[in-house]
1. Would you mind working out the magnitude of the charge dipole of region 173-281 relative to its Cα centre, with +1 at each Lys and Arg C-beta and -1 at each Asp and Glu C-beta, to the nearest 20 Debye?
2. Among Tyr40, Gly20, Gln259, whose Cα sits farthest toward the positive end of the charge dipole of the chain (+1 at Cβ of Lys/Arg, -1 at Cβ of Asp/Glu, about the Cα centre)?
3. What is the total of Lys pairs in region 3-321 with C-alpha atoms under 29 Å apart, excluding same-chain pairs fewer than 8 positions apart?
4. Report, by chain and number, residues whose modeled amide H sits under 5 Å from the one on His182, excluding near sequence neighbours (fewer than 5 apart, same chain).
5. Just add up the charged neighbours of Gly102: K/R +1, D/E -1, any other residue whose Cβ is under 13 Å from the Cβ of Gly102.
6. Below 11 angstrom from the Cβ of Leu200, what's the summed charge of the other residues (Lys, Arg +1; Asp, Glu -1)?
7. Work through the residues other than Val336 whose Cβ is under 12 Å from its Cβ and net out their charges, Lys, Arg +1 and Asp, Glu -1.
8. Using the Karplus curve 6.51 cos²θ - 1.76 cosθ + 1.60 with θ = phi - 60°, what ³J(HN,Hα) values do you get for each residue of region 188-202, in whole Hz, with x for Gly and Pro?
Amino acid sequence: MQHTDMLPRDSAVRLIDQDGQVVADEHYAMPDAQTLLRAYRGLVEGRRINDQAGALVRQGRLAVYPSSHGQEACQVGAALALGDADWLFPTYRDSVAVIGRGVSPADALVLLKGDWHSGYDVKEHRVAPQATPLATQLLHAVGFAYAAKKRGEDTVVLALCGDGATSEGDFHEAMNFAAVFHVPVVFLVQNNEYAISVPLSRQTAAPSLAHKAIGYGMPGQRVDGNDVAAVLAVLGEAVDRARSGGGPSLVEAHTYRMQAHTNADDDTRYREREEVRAWIERDPLTRLRAHLTASGVLDESVEQEYAAGAEDIATAMRAALNTDAELDPEDLFRFVTETRSPQREEQWRMLRDEIARTPAESMGGHR
């Protein structure tokens, strides 16, 4: 591959503009109508999931929720771009993508509720646990892809991260290893302009994050992250390339974090409301709705069907998270090592005796 083939475009790939109009592209084809309908359903459900999760945080049923409101096109595109045998390595902000891969919403939110495990069977769904530390999942993704390649498996790994993760050393190590060993992994950077309060201008002086790819010897591409059609087209090409032995790729999706970093963040301290409002017109949901409606593919009955399905998901989320978990204190010791050491066994006996002496009322009913 020539070095010029590795460089991203000067502007992000776009197939549908913010008014729902088709943008012709010489290289990338528009996904078919049925694929776009699946994507639209995912956007509707993703928006409802984000809204319901935010409400559950305010009710004290979730400890924290990093919303992807406004970024749903990246989430839905990531879930749809992969085959059944492929793997997704998500971040803490990628709950919608995790659910899009078949994980139930209740299970996907267990970690954010404050439980000690990821809440779902990673092997069943081929979705790694959501990672809170920045960029650590990229190393795991590359290692997994390398192992799949050594075993001769037909597996592509899609590793998600944000723009802030590109400032981490783990990002460099993952990119370099992936390129050197030519592993079937696609890196999707959701550039939502802020790493908590740090703007992109304070993270890199590169022309774009996609330009970093050429330094490692892999192709990079930029895509309008609020255009799900373009996200599907660009990710689809990268996944196909990895599957056919072409090695890794870096895709930078330009999007925006419409809400605060998490419920613990006050985003009014570092960005103006006018900036946030300007992105409302670029909403991925209304953009695709306008396109599908104008195309005659989406009508009121389909809209109602999708809205009802999204509401069913929200209802299931409320029901699951309004139930208190039965906690077993011995779990603190049960899963540390395969064989419990004498010292740890002694610690468990001490805790068990203390629990036995404690009135049940002060333990919240858990013994």
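We did not get these values from a lab; they are worked out from the coordinates using the rules stated. Being a predicted model, the structure only gives us computed values, none of them experimental. Counting neighbours? That spans all protein chains shown, and the Cβs are built from the backbone with ideal geometry, glycine included.
1. Values: 10 positive and 14 negative charges, 59 e Å.
So the magnitude is around 280 debye.
2. Gln259
3. Numbers: Lys113/Lys123; Lys123/Lys149; Lys123/Lys150; Lys149/Lys212; Lys150/Lys212.
Counting lysine pairs in region 3-321 gives 5.
4. Amide H neighbours of His182, under 5 Å, 5+ apart: none.
5. Details: positive: Arg101, Lys123, Arg126; negative: Glu45, Asp84, Asp86, Asp107, Asp121, Glu124.
Once all neighbours under 13 Å are counted, the net charge is -3.
6. Working: positive: Arg202; negative: Asp163, Glu193, Glu252.
That sum, taken over residues with Cβ under 11 Å, equals -2.
7. Details: positive: Arg334, Arg340, Arg344; negative: Glu330, Asp331, Glu338, Glu345.
Residues near Val336 contribute -1 overall.
8. So the J values, rounded to whole Hz, are 10, 9, 8, 7, 9, 6, 9, 9, 6, 9, 8, x, 4, 4, 9.
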